[in-house]
Amino acid sequence: MLPHTDLQCPPPVHYTGGYVYNFLCKNKQDSYLVKKHVLVTVAGIAGLACVGWLAARHAEHVMLDKSIDSFRQAIGPDASFTYKKAWPGLLGRSVKFTQLVFRQGPETITADEAEISKLGTAEDEAKRIGHLSFRNFQLADPAGSLHLDDLSLEGVTLPAGGDDKHGTPAQGLEIKHAEASRLHGFISGLQSDISATGLKVDDYGSSEASRLEAKDVLLSTDVAPQRHITAHSIMLDGVDLAGLYSSLATGGSYEPHNGTRDIQVDGLGVDGTGPLLRVAKLSSHSTRSDASEQEVSSLQGLELWPDVPNLSILPALGYDRFRGSLVLNDTHDYKAGKLHVATFSLDAPGMGRLTLDGDFSQTSTAALLSAGAADMQVMAMNVSYKDHGLLPKVLAASAKARGVTAQELTTSLQTQLAPQGSAPDAPLPQIARYLAHPGSGPLTITLHPPQPLPMMAIAASISMLISAPQVAQQIGLTVHAP
């Protein structure tokens, strides 16, 4: 029975219009019943949803507590972390923190906001974190400090101390992939500030071949000599970044690992109180094994200013700076203790082109491009020089310093280097011949000493040729002018 409402209908009326009235009244009653059942159903569903929501929130908080406990176990007893607030992420698969502080040994990490994914459950993944993200990330330790606006990490294994009793080795920090923006840091070992607008790192870990990409890099040191190094972009692939970081932190040496290594730098610049060096593009590729290492490197758009050591003479020769390019192709044979230079080429338009190849012992590629070249042990060496305007300027500057003309100086040198009666094919007469016509072709010099000699000793021997021409044969020196 329906309650007494305006929905109750009078007795049926048995005429045509009455049947219509009865039909409409019956539908009104049915509609009321449907609405009533709908309201009851909706209320039931809402109640179940509330219960489900409360249960889900409870489950999320249970998972939150478990995740935090799991994270505490993962970082080990020698580390700690605190936070202002923590709450579960989507579906409880992550934990979000504010004002996070993490400490382990001498390292301290802080972040305004952080999110840590659920830890792995397998035994071998117990210390691996799927994902980490930070806002306003800061790190400080004896090796330096680091600040990042944003940092995202994938596949992170936290460092842990070893256990000598159980033979468990120490675990270093491992990162599968990392991206960061707005980097600012300080490197204690170099006493230098470093910054970059963007940074990507792959496969960071002990003895791992890592990859690094950085944009708008600045490395600056104010300790003498003051240096500011900039680069539009840097790419390192196959470099043990963890080993490099360790060497900077401890002052130890960096040992490269076997495999391939690629370096590419665009827009490199070095400044002191003024500009020193610019390189439009630096490229280097090497393949290393236990037996040898092969390297091919090039510098395109190379510029060097007079403030660079040994280049202060440039203005006196009429050059405001050196402009050119460099190519190096060499192989270091570790077993034989030998560096084989297939090609070393220095090309400077407006100056000249120098090429060199040969074999050297007890040396490295770095020595070839630095002041250490004076100590290089020469086993065999071939040098070719083609002048493009440098030599006449050198003769003119030297003549001016002596108060004579360039022609008078050239004549005097020819008399000293090729006195009457000297063998025309001897080294010094060949050099005298070249001085008279430097633009006619390349000057070639060959050295085959009977035993390896330091470059400095060879230079000293050459300086004795005027008084002791037999020295040329003793050091295996031959010179050919066109």
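The values are calculated or read from the model by the stated rules, or taken from the named source; none is laboratory data. Because the structure is predicted, anything quoted here is derived from the model rather than measured. Methodologically, a virtual Cβ is constructed for each residue, glycine included, from the backbone with ideal geometry; neighbour enumeration extends over all protein chains shown. Only protein heavy atoms, including side chains, enter the accessible area calculation; ligands, DNA and RNA are left aside. Shrake-Rupley method; radii C 1.70, N 1.55, O 1.52, S 1.80 Å.
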- Item | Matching residues in segment 442-471 - criterion: being loosely packed, with under 12 Cβ neighbours inside 10 Å, in a helix (DSSP H, G or I) and of a type in the set (S, T, N, Q) | SER463
- Query: Are any of the residues in segment 281-289 of a type in the set (A, V, I, L, M), at pLDDT 90 or above and assigned to a strand (DSSP E or B)?
  - Reply: yes
- Total residues in segment 412-441, condition open to solvent by 30 Å² or more (accessible area, probe 1.4 Å), farther than 17 Å from MET464 by Cα and among the small types (Gly, Ala, Ser): 5
- Message: ASP203 - would you say it is open to solvent by 40 Å² or more (accessible area, probe 1.4 Å), within 24 Å of ASN136 (Cα to Cα), assigned to a strand (DSSP E or B) and touching a Lys or Arg at 6+ places or on another chain (Cβ under 7 Å)?
- Response: yes
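Looking at segment 132-146, which of the residues that are open to solvent by 50 Å² or more (accessible area, probe 1.4 Å) and modelled with pLDDT of 90 or more is nearest to ALA214 (Cα to Cα)? Even if it seems obvious, please write down each step before you answer.
First, the residues of segment 132-146 that are open to solvent by 50 Å² or more (accessible area, probe 1.4 Å): 135, 138, 142, 145-146.
Checking the rest, the ones that are also modelled with pLDDT of 90 or more come to 135, 138, 145-146.
Working: ARG135: 19, GLN138: 18, SER145: 18, LEU146: 15 Å.
Among residues in segment 132-146 that are open to solvent by 50 Å² or more (accessible area, probe 1.4 Å) and modelled with pLDDT of 90 or more, the one nearest to ALA214 (Cα to Cα) is LEU146.
Quick one: is LEU413 out of contact with any Phe, Trp or Tyr (no Cβ under 7 Å at 6 or more places or on another chain), assigned to a helix (DSSP H, G or I), hydrophobic (A, V, I, L, M, F, W, C) and under 19 Å from GLY352 (Cβ atoms)? If you could, list the steps in order and put the result at the bottom.
Working: out of contact with any Phe, Trp or Tyr (no Cβ under 7 Å at 6 or more places or on another chain): yes; assigned to a helix (DSSP H, G or I): yes; hydrophobic (A, V, I, L, M, F, W, C): yes; under 19 Å from GLY352 (Cβ atoms): yes.
Here the answer is yes, as LEU413 does meet what is asked.
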- Among (1) within 30 Å of GLY259 (Cα to Cα); (2) open to solvent by 50 Å² or more (accessible area, probe 1.4 Å); (3) not polar (S, T, N, Q), the one test that LEU339 misses: (2)
- Here the qualifying pairs (Cβ atoms under 6 Å; residues six or more apart or on different chains; first in segment 247-260 and closer than 13 Å to SER206 by Cβ; second charged (D, E, K, R) and part of a loop (DSSP other than H, G, I, E, B)) come out as HIS257/ASP240
- Tell me, which residue of segment 232-243 that is assigned to a strand (DSSP E or B) and touching a Gly at 6+ places or on another chain (Cβ under 6 Å) is nearest to HIS257 (Cα to Cα)? GLY238
- Task: Might you let me know whether segment 177-198 holds any residue that is crowded, with 17+ Cβ neighbours inside 10 Å, among the basic types (Lys, Arg) and modelled with pLDDT of 95 or more?
- Result: no
- Looking at ALA291, is it small (Gly, Ala, Ser) and either under 30 Å from GLN171 (Cβ atoms) or free of Cβ contacts under 8 Å to residues at least 12 places away in the same chain (or both)? no
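Can we say THR260 is in contact with a strand residue (DSSP E or B) (Cβ under 9 Å, 6 or more places away or on another chain), in a strand (DSSP E or B) and surrounded by fewer than 16 Cβ atoms within 10 Å (Cβ to Cβ)?
Values: in contact with a strand residue (DSSP E or B) (Cβ under 9 Å, 6 or more places away or on another chain): yes; in a strand (DSSP E or B): yes; surrounded by fewer than 16 Cβ atoms within 10 Å (Cβ to Cβ): yes.
So THR260 passes the test.
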- Message: Restricting to segment 200-213, count the residues that are touching a residue at least 24 places away in the same chain (Cβ under 8 Å) and more than 14 Å from THR260 (Cα to Cα).
- Response: 7
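Look at LEU314 and say whether it is free of Cβ contacts under 8 Å to residues at least 12 places away in the same chain, over 27 Å from PHE186 (Cβ atoms) and not polar (S, T, N, Q). Break it down into steps so the answer makes sense when it comes.
Values: free of Cβ contacts under 8 Å to residues at least 12 places away in the same chain: yes; over 27 Å from PHE186 (Cβ atoms): yes; not polar (S, T, N, Q): yes.
Criteria met by LEU314.
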- Name every residue in segment 290-301 that is assigned to a loop (DSSP other than H, G, I, E, B) and either crowded, with 17+ Cβ neighbours inside 10 Å or out of contact with any Lys or Arg (no Cβ under 8 Å at 6 or more places or on another chain) (or both), in order of residue number. ASP290
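Residue by residue, here is whether (1) more than 22 Å from the chain's Cα centre (by Cα); (2) over 26 Å from GLY352 (Cα atoms) holds:
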residue	(1), (2)
THR273	yes, yes
LEU277	no, no
ALA280	no, no
SER286	no, yes
GLY301	no, no
PRO306	yes, no
SER312	yes, no
ARG321	yes, no
ALA336	yes, yes
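Can you find a residue in segment 210-220 that is among the acidic types (Asp, Glu), in contact with a strand residue (DSSP E or B) (Cβ under 9 Å, 6 or more places away or on another chain) and assigned to a strand (DSSP E or B)?
Of segment 210-220, the ones among the acidic types (Asp, Glu) are 213, 216.
From what is left, the residues that are in contact with a strand residue (DSSP E or B) (Cβ under 9 Å, 6 or more places away or on another chain) are 213, 216.
So of that shortlist, the ones also assigned to a strand (DSSP E or B) come out as 213, 216.
Within segment 210-220 (the criterion being among the acidic types (Asp, Glu), in contact with a strand residue (DSSP E or B) (Cβ under 9 Å, 6 or more places away or on another chain) and assigned to a strand (DSSP E or B)), the answer is yes, since at least one residue qualifies.
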- Within segment 211-255, residues surrounded by 15 or more Cβ atoms within 10 Å (Cβ to Cβ) and among the β-branched types (Val, Ile, Thr) come out as VAL217, THR221, ILE229, THR230, ILE234, VAL239
- Note on the structure: Going through (1) of a type in the set (Ser, Thr, Tyr); (2) in contact with a Ser or Thr (Cβ under 7 Å, 6 or more places away or on another chain); (3) in contact (Cβ under 8 Å) with a residue 24 or more places away in the chain; (4) within 28 Å of PRO306 (Cβ to Cβ) one by one, SER284 fails only at (3)
- Item | Qualifying residue in segment 391-400 (condition: open to solvent by 40 Å² or more (accessible area, probe 1.4 Å), modelled with pLDDT under 90 and within 45 Å of the chain's Cα centre (by Cα)) | no
- Item | Failed item, numbered, when PRO349 is tested on (1) open to solvent by less than 60 Å² (accessible area, probe 1.4 Å); (2) more than 22 Å from the chain's Cα centre (by Cα) | (1)
